[in-house]
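Colleague: The structure under discussion is supplied below as structure tokens; questions concerning it will follow.
The values are calculated or read from the model by the stated rules, or taken from the named source; none is laboratory data. Just so you know, these numbers come straight off a predicted model, no measurement behind them. For neighbour counting, all protein chains shown are included, and Cβ atoms are generated from backbone atoms with ideal geometry for every residue, glycine included.
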Amino acid sequence: MRKSGLLKRILQIVIVLFGISFLTFGLTYMAPGDPVRAMYAASGTIPSEEILDQTREALGLNEPFLVQYLSWLTDCLHGDFGTSYSLNRPVAELLLARLGPTLKLAFASLVLMLLVSVPLGILSAVHKGGVIDYIVRGLTFLGVSLPNFWVGLLLLYVFGVVLGVLPVVSSGQGFDRLILPAVTLAFAMMGKYTRQVRTAFLEELNQDYVTGARCRGIKERVILWRHVLPNAMLPLITMLGLSLGSLLGGTAVVEVIFSYPGLGSLAVDAITSMDYSLIQGYVLWIALIYMVLNLLVDISYSLLDPRIKKGGR
């Protein structure tokens with residue numbers, strides 16, 4: 001990616017972030033409920049109306065919308081996303097604390113998915129129309145069709161309740177507590193990525209350079225792994241970037257099922273307790289993650305494919 005293109009993308013990220021921050025703050029501002037009452041309810045106290053008014057005044061909630069938004073945005077630019085009403089802790093501190101477990105879960109599920117999807121996709125493409133191809137395509141259909149929450153509950157019941165070999169609650173500490181949520185997340189991605197690998201391999205196998213390599217007597221194994229595989233993996237980079245962004249955003253359903261302490265479960269708790277400061281910080285955080293990952297994907301594309309770097313197609 002050229003320097004001008006990179007600067008243009010960074011400018012686009014800044015503009016989009018400002019738009020998302022305005023929409024997020026506006027929606028939470030118009031949302032029903034009183035965050036001050038929710039804050040006191042979380043602490044188990046019932047304040048008087050006078051105390052409620054004093055708290056709103058101290059937090060600046062009586063100010064006009066634009067004054068509140070500009071104050072909040074200024075604090076965000078300095079790394080201060082406010083204080084959680086329900087947990088009485090800085091929002092940035094809560095997000096950073098949950099980022100570590102979410103990173104472990106995201107990378108574990110991606111690695112597991114790639115270890116299964118790439119070999120299955122290659123096998124299906126090489127044996128197109130054969131028994132292996134039909135079996136793999138059937139498995140991918142099953143993986144795409146089954147919802148995450150159903151797979152998670154099934155794994156939880158079989159391995160956690162019936163067999164008792166894995167813990168039911170995943171605290172994020174220890175490899176054994178990471179297995180069930182990682183397998184649940186990887187299961188749905190396996191079907192999608194196996195199909196993509198199969199399609200990409202079939203397209204590459206029909207290219208002229210593959211025919212030329214076969215005519216020169218190069219072994220089929222060498223053609224597949226040294227020539228076809230690198231070219232077939234390029235389209236997966238975009239999908240991997242989007243999947244990583246989705247996983248870092250927190251897969252709320254899976255995290256709630258396994259009581260996993262990640263960003264998704266934190267967002268669910270914030271919505272349940274009407275913790276608007278935490279919701280605003282979470283949305284802005286996830287938007288930034290998505291856009292940065294998309295930028296990194298574009299940069300990696302230009303590094304891996306010289307044609308893109310030179311402005312070709």
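Colleague: Restricting to the range 105-154, name every residue that is of a type in the set (S, T, N, Q) and free of Cβ contacts under 8 Å to residues at least 60 places away in the same chain.
Modeller: Matches in the range 105-154: THR140, SER145.
Colleague: Just to be sure I understand the filter: pairs with C-beta atoms under 9 Å, separated by 6 or more residues or on different chains, first member in the range 250-270 and under 15 Å from PRO147 (Cα atoms), second member among the aromatic types (Phe, Trp, Tyr) and outside any loop (DSSP other than H, G, I, E, B). Which pairs pass?
Modeller: Short answer, once both residue conditions are applied: VAL253/PHE149; VAL254/PHE149; VAL256/PHE149; ILE257/PHE149.
Colleague: What is the number of the single condition among (1) in contact with a helix residue (DSSP H, G or I) (Cβ under 8 Å, 6 or more places away or on another chain); (2) under 27 Å from ARG137 (Cα atoms) that ALA213 does not meet?
Modeller: Exception for ALA213: condition (2).
Colleague: Give the residues of the range 144-160 that are of a type in the set (Gly, Ala, Ser) and either within 22 Å of the chain's Cα centre (by Cα) or at positive phi (or both), sorted by residue number.
Modeller: SER145, GLY152
Colleague: Being hydroxyl-bearing (Ser, Thr, Tyr), in contact with a helix residue (DSSP H, G or I) (Cβ under 8 Å, 6 or more places away or on another chain), assigned to a helix (DSSP H, G or I) and at pLDDT below 80 is the requirement here; does THR238 meet it?
Modeller: yes
Colleague: Let me ask another. Would you mind listing the helices (runs of 4 or more DSSP H) fully within the range 48-139 where at least 2 residues are within 23 Å of PRO261 (Cβ to Cβ)?
Modeller: 91-126
The rows are residues; the columns are (1) crowded, with 17+ Cβ neighbours inside 10 Å; (2) under 30 Å from PRO32 (Cβ atoms).
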position: ASP208; (1), (2): no, no
position: ILE237; (1), (2): no, no
position: GLY241; (1), (2): yes, no
position: ILE257; (1), (2): yes, yes
position: SER273; (1), (2): yes, yes
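Colleague: Turning to a different aspect of this structure: Given the conditions (1) over 19 Å from MET30 (Cα atoms); (2) surrounded by 14 or more Cβ atoms within 10 Å (Cβ to Cβ); (3) in the same structural domain as LEU278 (by TED's automatic domain parsing), which single one is not true for VAL91?
Modeller: Failing condition for VAL91: (3).
Colleague: Identify, from the list VAL162, VAL144, VAL136, VAL151, the residue that is farther than 30 Å from LEU205 by Cβ, surrounded by 11 or more Cβ atoms within 10 Å (Cβ to Cβ) and in the same structural domain as LEU110 (by TED's automatic domain parsing).
Modeller: VAL151
Colleague: Right, next: State the number of residues belonging to the range 252-300 that are in a helix (DSSP H, G or I) and touching an Asp or Glu at 6+ places or on another chain (Cβ under 6 Å).
Modeller: Summing the residues that are in a helix (DSSP H, G or I) and touching an Asp or Glu at 6+ places or on another chain (Cβ under 6 Å) in the range 252-300 gives 2.
Colleague: Pick from THR211, THR184, THR199: which is within 17 Å of the chain's Cα centre (by Cα), polar (S, T, N, Q) and in a helix (DSSP H, G or I)?
Modeller: Of THR211, THR184, THR199, the one residue that is within 17 Å of the chain's Cα centre (by Cα), polar (S, T, N, Q) and in a helix (DSSP H, G or I) is THR184.
Colleague: I've got another one for you. From the list LEU27, LEU73, LEU77, LEU66, which residue is under 19 Å from ALA287 (Cα atoms) and loosely packed, with under 12 Cβ neighbours inside 10 Å?
Modeller: Every option except LEU77 fails the conditions.
Colleague: Out of SER84, SER43, which single residue is polar (S, T, N, Q), at pLDDT below 85 and within 21 Å of TYR282 (Cα to Cα)?
Modeller: None of the other options fit; the residue is SER84.
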